[in-house]
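J.: Input: one structure, supplied below.
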Amino acid sequence: MSEHVRVAVIGSGFGGLGAAVRLRREGVTDFVVLERADSVGGTWRDNSYPGCACDVPSHLYSFSFAPHPDWPRTFSGQEHIRAYLENVADVFRLRPHLRFNSEVKTMTWDAEKLRWGIETGTGFLTADVIVSATGPLSDPKVPDIPGIDSFPGKVFHSARWDHDYDLRGKRVAMIGTGASAIQIVPAVQPEVAHLTLFQRTPPWVMPRVDRAISGTERWLHRQLPFTAQARRGLLWGIRELQVQLFTKRPDQLGMAEQLAKRNIARAVKDPELRAKLTPDYRIGCKRILLSNTYYPALAQPNVDVVASGLSEIRGSTLVAADGSEAEVDAIVFGTGFHVTDMPIADRVVGADGRTLAESWKDGMKSLRGAAAAGFPNWMTIIGPNTGLGNSSMILMIESQLNYMADYVRQLDVLGGRAALDPRPAAVDAWNRRVQERMKRTVWNTGGCDSWYLDANGVNTTVWPGTTTEFRRATRRVDLAEYEVLRPSVPGESRRGKKATQDKRVEAGA
Ligand SMILES: Cc1cc2nc3c(=O)[nH]c(=O)nc-3n(C[C@H](O)[C@H](O)[C@H](O)COP(=O)(O)OP(=O)(O)OC[C@H]3O[C@@H](n4cnc5c(N)ncnc54)[C@H](O)[C@@H]3O)c2cc1C
């Protein structure tokens, strides 16, 4: 007989570990965390490139229930964030629940038994509920460049850094100018022979107010925890106010553009290079990046900025769309992730036999960023329209954990074998509201093409409001937004509709 658990959590980054802590706090101990890698950490395990650090201050980019008074810097580096998550796994006694090297291959809804069948790399199990925390930025995207197979040198993605390959003295091409690339460029520029940066669109880059957190501050945070809470509150409050400009008043972002232009001018004296690096879209449309070292690195004599995307590779020659060429020994792709086409969606098979990817073929859609119609008792952490452009994703994850906790509680209240399937009308209503608000935001009106938009140009990734609004919207599960399913008995429809209706009357839904 196969193993059965109440809840299967997939992924052990902030989302999956947070779900595990929350489940234990809710008194649920019958759960597993399935992780394809061999340790926890998600983003902060996989991204180990030189210079990798968060761009939201650590006192905000951490769990509210696991404060860390000893953050060494205002913006901590990857190794500290990874160590923090390892520590969360220990302190909250999550280790017995963790199953490493357990990549989830498929999740299939069993409409008769009202549970999920989960095929992993190491075996099969069933679960009443799945919490999918596989991360929006966990599957690297490498563009299909003609001729890439002819390249004789080294090729890797920023999220799969090859630490055995020594970049020192090499001619290196960096493809892309996103959040990872602007951290990698200044970290490797001093040691490579030559660096060619292929830039399709320049990012807006603001100064980074990064400094070591002093021993006194840390002592204070340890002795008087409310000082750390006040610090977190201040960081959060500033961003709650800031986001109003992005969501409601993009026209007022001009002053921020002036500051960012001054940041370029301070470091880059060559007018031609300065022109290449100056964006022509509204600041905030793409994620605003923070760095004090990016522009100074680009101004060094061993760096060339090609203001055009990579279009072809001929042996060791990289050819840009504008025809310029560069000879290189190694290519680093900083080209982002499969965000609006996340691979996990191909692996979930719902009530009518369709995959989530098929159901989302015209764009990702969910109820309150968590649940998808036709996929009962399945929820995702950081689902559609839950991303942030300016604040900590941990705030959004924690709101989703509130929703998850209430979801499990509601199933308990319903009693017996039951499942919740979002009503298509509720999903549509939620998405209409989100997209209506999105119309005014800088992400939709700022004149850029960003990874926030899907193939149809629809913004299915960002939350168009404050984190407080999202927290309010996800505090509780509204049963009226769900169909309550009960196991079908012979003679009934596959989804047990009649029993569902009977039970909804009982539940007063
Ligand atoms: C370089 C980088 C910097 C970032 N900096 C910031 C920042 O400063 N501030 C911010 O708010 N956000 C930042 N982010 C976004 C970041 O991804 C989120 O903040 C957060 O870490 C996401 O956590 P998660 O648990 O949802 O996903 P992840 O951390 O990506 O974890 C997902 C986990 O799921 C596992 N998994 C995936 N598929 C499967 C499968 N089929 N079976 C089993 N396991 C699977 C993965 O191995 C991984 O461990 C950054 C992202 C990157 C890539």
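J.: Restricted to region 382-405, and to residues that are within 22 Å of Arg354 (Cβ to Cβ) and in contact (Cβ under 8 Å) with a residue 60 or more places away in the chain, which residue is surrounded by the fewest Cβ atoms within 10 Å (Cβ to Cβ)?
T.: Ranking the candidates gives Asn385 first.
J.: Which residue pairs have Cβ atoms under 8 Å apart, sit 6 or more places apart or on different chains, and have a first residue in region 27-55 that is within 25 Å of Val408 (Cβ to Cβ) and open to solvent by 30 Å² or more (accessible area, probe 1.4 Å) and a second that is in a strand (DSSP E or B) and more than 8 Å from the ligand (Cβ to nearest atom)?
T.: Asp30/Val5; Asp30/Arg6; Asp30/Val7
J.: Is at least one residue of region 179-190 surrounded by fewer than 18 Cβ atoms within 10 Å (Cβ to Cβ) and either within 16 Å of the ligand (Cβ to nearest atom) or over 22 Å from Leu17 (Cα atoms) (or both)?
T.: Here is the first cut: in region 179-190, the ones surrounded by fewer than 18 Cβ atoms within 10 Å (Cβ to Cβ) are 187, 190.
Okay, now just the ones that are also either within 16 Å of the ligand (Cβ to nearest atom) or over 22 Å from Leu17 (Cα atoms) (or both), so 187, 190.
There is at least one residue in region 179-190 that is surrounded by fewer than 18 Cβ atoms within 10 Å (Cβ to Cβ) and either within 16 Å of the ligand (Cβ to nearest atom) or over 22 Å from Leu17 (Cα atoms) (or both).
J.: Something else now. Looking only at residues that are in contact with a helix residue (DSSP H, G or I) (Cβ under 8 Å, 6 or more places away or on another chain) and either open to solvent by 50 Å² or more (accessible area, probe 1.4 Å) or among the acidic types (Asp, Glu) (or both) in region 120-147, which one is farthest from Ser2 (Cα to Cα)?
T.: Restricting to residues being in contact with a helix residue (DSSP H, G or I) (Cβ under 8 Å, 6 or more places away or on another chain) and either open to solvent by 50 Å² or more (accessible area, probe 1.4 Å) or among the acidic types (Asp, Glu) (or both), the top hit is Leu137.
J.: Give me the pairs, please: first residue somewhere in region 159-174 and touching a residue at least 24 places away in the same chain (Cβ under 8 Å), second residue anywhere and open to solvent by 70 Å² or more (accessible area, probe 1.4 Å), beta-carbon distance under 8 Å, and either six or more positions apart or on two chains.
T.: Note: pairs meeting the criteria are Leu167/Glu191; Arg168/Glu191; Gly169/Glu191; Arg171/Glu327.
J.: What are the residues in region 117-130 that are in contact with a Leu (Cβ under 9 Å, 6 or more places away or on another chain), away from the ligand (no atom under 11 Å from the Cβ) and either more than 25 Å from Leu485 (Cβ to Cβ) or not acidic (Asp, Glu) (or both), if any?
T.: Within region 117-130, Gly117, Leu125, Val129 meet the criteria.
J.: Of the residues His97, His4, only one is open to solvent by 30 Å² or more (accessible area, probe 1.4 Å) and away from the ligand (no atom under 11 Å from the Cβ); which?
T.: His4
J.: Got a sec? Which of Leu114, Leu94, Leu85 is at pLDDT 95 or above and on the phi > 0 side of the Ramachandran plot?
T.: Only one candidate qualifies: Leu114.
J.: Additional query: How many residues does region 419-453 contain that are out of contact with any strand residue (DSSP E or B) (no Cβ under 6 Å at 6 or more places or on another chain) and either aliphatic (A, V, I, L, M) or under 19 Å from Ala8 (Cα atoms) (or both)?
T.: 4
J.: Turning to a different aspect of this structure: Please work out which one of (1) under 26 Å from Gly77 (Cα atoms); (2) open to solvent by 30 Å² or more (accessible area, probe 1.4 Å) is the condition Cys285 fails and give its number.
T.: (2)
J.: Restricting to region 149-174, give me the number of residues that are buried (at least 16 other Cβ atoms within 10 Å of the Cβ) and either within 16 Å of the ligand (Cβ to nearest atom) or over 27 Å from the mean Cα position of the chain (by Cα) (or both).
T.: Taking region 149-174 and keeping what is buried (at least 16 other Cβ atoms within 10 Å of the Cβ), we get 151, 153-159, 161, 167, 170-174.
Retained after the next criterion (residues that are either within 16 Å of the ligand (Cβ to nearest atom) or over 27 Å from the mean Cα position of the chain (by Cα) (or both)): 151, 153-154, 156-159, 161, 167, 170-172, 174.
Total satisfying the criteria: 13.
J.: Taking region 391-406 on its own, how many of its residues are among the polar types (S, T, N, Q), touching a Phe, Trp or Tyr at 6+ places or on another chain (Cβ under 6 Å) and near the ligand (Cβ under 8 Å from one of its atoms)? Walk me through it before giving the result.
T.: First, the residues of region 391-406 that are among the polar types (S, T, N, Q): 391-392, 399-400, 402.
Right, trim to touching a Phe, Trp or Tyr at 6+ places or on another chain (Cβ under 6 Å) and you get 392, 399.
Among the residues that remain, those that are also near the ligand (Cβ under 8 Å from one of its atoms) are: 392.
So the count comes out to 1.
J.: Shifting gears a bit: What's the number of the only condition in (1) under 20 Å from Lys141 (Cβ atoms); (2) in contact with a Lys or Arg (Cβ under 9 Å, 6 or more places away or on another chain); (3) modelled with pLDDT of 95 or more that Val339 fails to meet?
T.: Val339 satisfies every listed condition except (3).
J.: Here's another thing I want to ask about it. Identify all residues within region 226-240 that are open to solvent by 70 Å² or more (accessible area, probe 1.4 Å) and more than 16 Å from Arg471 (Cα to Cα); write none if there are none.
T.: Phe226, Gln229, Leu234, Ile238
J.: So how many residues does region 226-246 have that are touching a helix residue (DSSP H, G or I) at 6+ places or on another chain (Cβ under 7 Å) and either of a type in the set (Ser, Thr, Tyr) or without any contact (Cβ under 8 Å) to a residue 40 or more places away in the chain (or both)?
T.: Qualifying residue count for the region: 1.
J.: Quick test for you: out of Ser102, Ser48, Ser58, pick the one residue that is closer than 29 Å to Phe375 by Cα, within 15 Å of the ligand (Cβ to nearest atom) and in a loop (DSSP other than H, G, I, E, B).
T.: Ser102
J.: Here's a follow-up. Just the residues that are away from the ligand (no atom under 14 Å from the Cβ) and either open to solvent by less than 20 Å² (accessible area, probe 1.4 Å) or under 18 Å from the mean Cα position of the chain (by Cα) (or both), please, taken from region 368-381. First the steps, then the outcome.
T.: Let us first name the residues in region 368-381 that are away from the ligand (no atom under 14 Å from the Cβ), namely 368, 371-377.
Arg368, Ala371, Ala372, Gly374, Phe375, Pro376, Asn377 - these are the residues of region 368-381 that are away from the ligand (no atom under 14 Å from the Cβ) and either open to solvent by less than 20 Å² (accessible area, probe 1.4 Å) or under 18 Å from the mean Cα position of the chain (by Cα) (or both).
J.: Same structure again: Find the residue count for region 325-353, including only residues that are free of Cβ contacts under 8 Å to residues at least 24 places away in the same chain and either closer than 25 Å to Val434 by Cα or of a type in the set (A, V, I, L, M) (or both).
T.: The number of residues fulfilling the criteria is 2.
J.: Against the definition (surrounded by fewer than 20 Cβ atoms within 10 Å (Cβ to Cβ) and either free of Cβ contacts under 8 Å to residues at least 12 places away in the same chain or within 30 Å of Ala111 (Cβ to Cβ) (or both)), how does Lys365 come out, yes or no?
T.: no
The values are calculated or read from the model by the stated rules, or taken from the named source; none is laboratory data. This structure is a prediction, so every number in the text was calculated from the model and none was measured. Reconstructed Cβ throughout: ideal geometry from the backbone, glycine too, with neighbour counts over all protein chains shown. Remember, those area values only see protein heavy atoms, side chains included, never the ligands or the DNA or RNA. Shrake-Rupley method; radii C 1.70, N 1.55, O 1.52, S 1.80 Å.
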